[in-house]
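Student: First, the structure itself, so that you have it in front of you.
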Amino acid sequence: MTWELFISYEHLKELGIAVGIFLLFILFRKLFAKYVFAIVMRLARKIKIQILSNILLAFEKPVQWMFTLIGLYAAVKYYPYLNQGNELFRSFMSASYIFLFSWGLVKLSSSSSSFFRKINEKTDIKIDEILIPILSRTLQFIIIAIAGTVILQEFGYNIEGFIAGLGLGGLAISLAAKDALANLLGGIVIISEKPFTIGDWVKTPSVEGTVEDISFRTTKIRTFADALVALPNAQLANEPITNWSKMNKRQITFNLALTYNTPKEKMQAIVDKIGSLLKNHDGIDQETIFVKFDKYNDSSLDIFLYFFTKTTVWEEFLEVKEEINYKILDIVHEEGAEFAYPTRKLYVENDTMNDQKTSLVRQQES
């Protein structure tokens with residue numbers, strides 16, 4: 001009985017030490033996350049090497065989990081009643097290290113890491129902005145595929161047989177992936193024809209907004225109501241796309257309605273003054289300017305205005321438009337003219353007066 005108690009005590013003692021070793025590495029992980037990593041990040045920002053900061057941020061979580069794995073391995077290695085040489089355990093540890101390293105690489109290759117943008121800045125290789133998300137996801141897919149293959153091999157799976165098995169179900173997979181393939185081809189069309197790029201303001205029959213991201217399956221567009229719309233590439237590739245960001249100038253056109261009692265001389269003076277205003281304004285493109293007495297409307301004499309601002313920036317465009325509107329208002333008031341608004345004249349026939357006239361005519365006839 002005493003011997004059994006001694007064995008149980010020894011078991012508990014060894015187990016407690018093993019657990020303590022594991023918890024010690026968990027403490028190291030917290031200290032690393034709170035102090036060591038923060039210091040290293042500050043140093044990286046001081047030396048102003050962006051790629052180093054990106055690498056540190058990408059591998060922050062994997063390195064933290066690495067402490068946990070090392071602690072688990074050390075605890076198992078110390079505990080004498082577990083076989084740390086077990087093939088399944090060794091495979092699990094190797095697969096975990098591969099997974100953590102691949103996790104860091106996937107985070108590093110994400111478009112948010114600015115990896116490809118740094119290539120644009122530092123080398124003669126120029127990558128179109130629209131290709132960066134696609135290249136990033138392609139690289140991520142390759143990393144995940146290689147990591148998955150190596151992990152499966154660590155557990156003794158026959159990769160060649162697995163690939164051959166995929167070939168047997170190729171028809172079913174292709175049918176199930178028909179829409180995905182259509183979206184992928186749509187993405188290729190968008191990339192090759194480049195009707196827009198990241199950051200462009202586009203309008204389609206389905207959505208209008210700013211392009212935020214382009215992936216294998218969808219294009220994400222941020223609407224002006226700040227909603228994010230994910231549009232399938234297959235649909236987007238078959239729709240007419242208006243790219244407002246490609247404008248060289250911005251159109252303004254409207255009708256100026258004046259009352260019918262406006263004399264010809266005042267109409268002519270207003271047309272001439274507005275034309276002179278536009279031709280001498282720094283914010284107006286001088287290539288195309290039309291200010292014409294256009295038509296006789298139902299309740300107004302209409303002056304047609306058609307011109308362009310040099311700027312295409314929304315806020316600047318509105319400022320130029322506002323300034324022009326104020327000056328047109330001054331011109332109309334200076335000439336003593338009035339703006340027209342929809343009016344109708346109603347003629348009412350007095351039946352009582354008509355009856356009296358009819359009675360008088362009959363009396364005269366008799």
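The values are calculated or read from the model by the stated rules, or taken from the named source; none is laboratory data. All values derive from a computational prediction rather than experimental measurement. Here the Cβ is made from the backbone with ideal geometry for all residues, glycine too, and neighbour counts use every protein chain on show.
Student: So is Tyr97 in a loop (DSSP other than H, G, I, E, B), out of contact with any Cys (no Cβ under 8 Å at 6 or more places or on another chain) and either surrounded by fewer than 18 Cβ atoms within 10 Å (Cβ to Cβ) or at pLDDT 75 or above (or both) or not? Full working, then the answer.
Tutor: Values: in a loop (DSSP other than H, G, I, E, B): no; out of contact with any Cys (no Cβ under 8 Å at 6 or more places or on another chain): yes; either surrounded by fewer than 18 Cβ atoms within 10 Å (Cβ to Cβ) or at pLDDT 75 or above (or both): yes.
In short, no.
Student: I'm told Asp294 meets every condition in (1) surrounded by 18 or more Cβ atoms within 10 Å (Cβ to Cβ); (2) modelled with pLDDT under 95; (3) more than 14 Å from Phe339 (Cα to Cα) except one. Can you identify the failing condition by its number?
Tutor: (1)
Student: May I pose another question? Any residue at all in the stretch 274-293 that's closer than 16 Å to Asp330 by Cβ, free of Cβ contacts under 8 Å to residues at least 12 places away in the same chain and out of contact with any strand residue (DSSP E or B) (no Cβ under 6 Å at 6 or more places or on another chain)? Can you show your working first?
Tutor: Step one: filter the stretch 274-293 for residues closer than 16 Å to Asp330 by Cβ, giving 274-278, 280-281, 291.
Narrowing the set further to residues that are free of Cβ contacts under 8 Å to residues at least 12 places away in the same chain leaves 276, 280.
Now drop any that are not out of contact with any strand residue (DSSP E or B) (no Cβ under 6 Å at 6 or more places or on another chain), which leaves 276, 280.
Checked against the condition, which is being closer than 16 Å to Asp330 by Cβ, free of Cβ contacts under 8 Å to residues at least 12 places away in the same chain and out of contact with any strand residue (DSSP E or B) (no Cβ under 6 Å at 6 or more places or on another chain), the stretch 274-293 yields at least one hit.
Student: Right, another one. Looking only at the stretch 184-223, count every residue that is touching a strand residue (DSSP E or B) at 6+ places or on another chain (Cβ under 6 Å) and hydrophobic (A, V, I, L, M, F, W, C) and tell me the total.
Tutor: Residues flagged as touching a strand residue (DSSP E or B) at 6+ places or on another chain (Cβ under 6 Å) and hydrophobic (A, V, I, L, M, F, W, C) within the stretch 184-223 amount to 7.
Student: Right, here's the next one. Could you give every pair whose Cβ atoms fall below 7 Å, whose first residue belongs to the stretch 218-235 and is free of Cβ contacts under 8 Å to residues at least 24 places away in the same chain, and whose second residue is part of a loop (DSSP other than H, G, I, E, B), counting only separations of at least 6 or pairs across chains?
Tutor: Ile221/Val207; Thr223/Val207; Val229/Val207
Student: Do the conditions hold for Thr358, that is, is it at pLDDT below 90, not in a loop (DSSP other than H, G, I, E, B) and not basic (Lys, Arg)? Lay out the reasoning, then the answer.
Tutor: On the way: at pLDDT below 90: yes; not in a loop (DSSP other than H, G, I, E, B): yes; not basic (Lys, Arg): yes.
Yes: the conditions hold for Thr358.
Student: Residue pairs, Cβ under 7 Å, 6 or more apart or interchain, first in the stretch 309-331 and more than 15 Å from Gly275 (Cα to Cα), second of a type outside the set (A, V, I, L, M, F, W, C) and part of a loop (DSSP other than H, G, I, E, B). List them.
Tutor: Qualifying pairs under 7 Å: Lys310/Lys249; Lys310/Gly283; Thr311/Gly283; Thr312/Lys249; Phe317/Thr311; Val320/Gly283; Val320/Thr311.
Table: residues versus (1) modelled with pLDDT of 95 or more; (2) of a type in the set (D, E, K, R).
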| position | (1), (2) |
| --- | --- |
| Ser300 | no, no |
| Leu305 | yes, no |
| Phe308 | yes, no |
| Glu322 | yes, yes |
| Lys327 | yes, yes |
| Gly336 | no, no |
| Thr343 | no, no |
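Student: Here is a further query. Can you pull out the residues in the stretch 255-290 that are hydrophobic (A, V, I, L, M, F, W, C), over 20 Å from Val313 (Cβ atoms) and not in a helix (DSSP H, G or I)?
Tutor: From the stretch 255-290, those hydrophobic (A, V, I, L, M, F, W, C) are 256-258, 267, 269-271, 274, 277-278, 284, 289-290; that's our starting set.
From what's left, over 20 Å from Val313 (Cβ atoms): 256-258, 267, 269-271, 274, 277, 289-290.
Across the stretch 255-290, the qualifying residues are Leu256, Ala257, Leu258, Ile289, Phe290.
Student: Which one is surrounded by the most Cβ atoms within 10 Å (Cβ to Cβ), of the residues in the stretch 306-337 that are in contact with a Leu (Cβ under 6 Å, 6 or more places away or on another chain) and among the hydrophobic types (A, V, I, L, M, F, W, C)?
Tutor: For the stretch 306-337, the residue satisfying everything is Phe307.
Student: For Ile173, are the conditions met, namely being among the β-branched types (Val, Ile, Thr), loosely packed, with under 14 Cβ neighbours inside 10 Å and at pLDDT below 90? Quick ask: steps written out before the conclusion?
Tutor: Values: among the β-branched types (Val, Ile, Thr): yes; loosely packed, with under 14 Cβ neighbours inside 10 Å: yes; at pLDDT below 90: yes.
Judged against the criteria, Ile173 is a match.
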